[in-house]
Every structure is written in C-alpha cells, then in structure tokens.
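Below: the structure, in structure tokens.
Please treat every number below as a calculation from the coordinates, not as lab data. Predicted model only: the values in this text are computed from it and were never measured. All Cβ positions, even for glycine, are placed from backbone atoms using ideal geometry, and neighbour counts span all protein chains on display.
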Amino acid sequence: MKAIDNKELESALETLEKEKGIKKEYLIEQIEAALITAYKNNYKDSENVKVVVDRVTGETHIYSVKEIVEKVENPVTQITKAEAANINKQLEIGDTVDVEINPRNFGRIAAQTAKQVIIQKLREAEREIVFGEFNDRKGEIVSGLVQKADAGAVVLDLGKLEGIMPTKEQIPTEKYKVNDKVKGYVLDVVKGTKGAPQVIVSRAAGEFVKKLFEFEIPEIYEGLIEVKSVSRDPGNRCKVAVHAQNENIDPVGSCVGQKGVRIQNIINELNGEKIDVIEWNEDPAIFISSALLPAKVMAVDINEEEKSARVIVPDDQLSLAIGKAGQNARLAAKLTNWKIDIKSETQFREMLEKMQKENEEVTEENNEE
C-alpha cells in the first residue's frame, strides 16, 4: 500500500535531517506509530496492529499480529498453526505471526498521517532551534513591541518568540501601551503549555541596570571598570557600585560622563529612576560610607563576625541617611551586603552616656559588696 509518493517522502525526510537535524529513521518510526493510531481511530478494530514503512520503496504495510493456537477462539487475535504455515512454516504454537491486511481507503489516510507527522516534527524542530537560540541569550537585553498590556503580565513580540513580563518584573511607575517599543532583560526561557518557547523578560531586575551600564559605558564593556553590585527600588532609586583596577581610571566619573551624558541615557531608559553611582572599596567601612550617599558619615564601627555596621551621622544628616521610608539605608545594606544600623551624633552620645552610667552603677555595686 503506497503511503505517499516515494520521492516526495524521501525528499521531505532528507530535508528535515539536513536542515533541522532530525534523523530520518526517527521520523519514519514516528510515522509508523502515528499510522497505528490512525488505523485504530478509523477502523475501531481490537486487532493488535503493527505498521511498517518500507525504508526503500516508501510503501506502507499493515499487519495484524496474531498468536498461533491449536483452536481459534478469537479470530481477530488468534490463528491456527496450519494457517500460519502459509506465512512461515517454522512457526510453532505460542509464537506470533504478522498477517498483512489491506483495509479499504487506508492509503489516503496513511498519506495524510505521514504529512501531518512531518509538519508536526518540523514545527517541533523549529521551536527547539528558536528555544536554543534564545536560551543562549539569557542575561542579555532584548527589544520588543507590546502586544498586550492589560492588568497583569505584559506580552511582547520579540520577532521569533513571545516575551512575557510578569507583574513583579515590571517597573511599578511605568504604564505600557500596545505597540510601545520596550527593552527588557532576559531572565529565563521556558516552554509554554503548547510547547512553544516563551522568554521571561524583566525591567525591574538589578541585572537590567547592570546590562544598561555595559551598553552605555565603554570602559565597563571593555572590562576596565567592573560593576560590583546593584541594589534597586525599581522606578524610584538605584545604587550601583563600580570599581577600576587601574588607579588612573575614575570609575564614578567614567560612568556619569561629561555633564552626566552617559548616566542620563540610562536614567532616560528607566523613565527618570534616580541612580547613585558609588565607588566600591574592599574596606567595608569606606564602602558603607559611600553607599549611604548623599548623606555624610562621621564614623563606621564594623562587626566582622556578624557582618554588621553601626554608622554615626551628624544630626542634620540622619533623615537623609535613612531616606524616605528607609529607602536609602535599605538600598545601601543590599548594595554592600552588610546590616547597617544608623545613629545620629546625639543618639550615639546618649547611648554612650547611658552605657557609661550603667557601668558606673555596676562598679559601685561591686565596691559595696
């Protein structure tokens, strides 16, 4: 029984093998499996069916697999030894034999099924290629057009793939509209419910800011300046710690640029989000002082064991150091990865006086004893 034109089948299989890397033998096995399903769906038989596509001619052979028995009780699944001998004289009772059958109109069904399998496997191969391509782009910035911007996730058209920007990865102060061109950081690439790859995009991640710095500051792209850490309150404020191995390079000045041109491009991309560029230092006291900018710091007391720091600031700098709703202190702590306790000069003096008084009282009690 002819499934499809042999040349057409051969050409389709060879194209998929060469261009998409799908082995011809694998495709034929998939076609055979699909033909078994197609037979059962169309003929509703309870036969144990086997389908073989001839690797040379392309012809399709359908067999009913039957058990050889002394007395047939179920002719659909059983056959006598005498009948089996017409196919193979060496078969014995208990063996199975493939009896070729030729159901009416199955040639047309076979051709359609083979075509569907090839189309399906082609789509799957293309999806895998695109998945691999975008999977290699994790950690990069992509641009896309907003397709959907209702409540919840934003859907982006990235060309070959669909990008999803979940609510938590959006900048809260931004509003997205259909056909807006949007940049985002590739967090992950996953397979959707129908097998199609989906790109998870973020504009709220600290890595997005880090990548924007790489684009805008040549010294970072070239490796002369390193972005050590980023802490961020998306849409409001961001702190970026930078470091240059070469003492002749000013890492902060290079990032800000002449008249703030370089940093302004990044701020514009983030729709006005404020950015503090801070010089990283291996001395945690110096780094923490810088991280609390724009507040001025008087002293930093480091506890290495607990990785905590007590910071003393002038009275008029306390609210600036802490920031609105604790934002400045929180971002500084995240940037440095240290616990930071901020005290004003007056609070610190009062604390010292209290400790001194308690010590004096303990001393007096000991003397009395």
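Out of residues 5 or more away from Asp188 or on other chains, whose amide H comes under 5 Å of its own, with H placed 1.01 Å from N in the peptide plane?
Result for Asp188 returns Ile200.
At a 10 Å Cβ-Cβ cut-off, how would you order Met165, Met355, Met298, fewest neighbours first?
Values: Met165 27, Met355 10, Met298 14.
Going from sparsest to densest Cβ surroundings: Met355, Met298, Met165.
Work the Kirkwood hydrodynamic radius out for the stretch 140-202: mean of 1/r over every pair of different alpha-carbon atoms, inverted, in Å.
Working: mean 1/r = 0.0866 Å⁻¹.
Mean inverse Cα-Cα distance, inverted, gives 11.5 Å.
Sort 140-149, 238-247 for me by packing, meaning the mean count of neighbouring Cβ atoms within 10 Å per residue, highest on top. Walk me through the numbers on the way to the answer.
Details: 140-149: 16.1, 238-247: 18.2.
Descending mean neighbour count gives 238-247, 140-149.
So which GluC sites (Glu not before Pro) in the stretch 58-111 pass both tests, a DSSP loop state and at most 11 other Cβ atoms within 10 Å of the Cβ? Could you put the intermediate results ahead of the total?
Numbers: sites: Glu59, Glu67, Glu70, Glu73, Glu83, Glu92, Glu100; in loops: Glu70, Glu73, Glu92.
Here the sparse-neighbourhood loop sites are Glu70, Glu73, Glu92.
Would you mind checking which residues have amide H under 5 Å from Ile22's amide H? H placed 1.01 Å from N; only 5 or more apart, or other chain.
Sorted by chain and number, the residues that satisfy this are Glu17.
Have a look at the stretch 6-133 and give its Rg and Dmax from the Cα atoms, expressed in angstrom.
18.0, 61
From Cα pairs below 8 angstrom and at least 6 apart in sequence, can you work out the relative contact order of the chain, rounded to a whole percent? The partial results should precede the final answer.
Working: 589 pairs, mean separation 31.7, N = 369.
After rounding, I find 9 percent.
For the chain, restrict the atom set to alpha-carbon positions and state the Rg and Dmax in Å.
Values for the chain (Cα only, Rg and Dmax): 36.1, 119 Å.
What ranking do Phe213, Phe208 get, fewest neighbouring Cβ atoms within 10 angstrom at the top?
Phe213, Phe208
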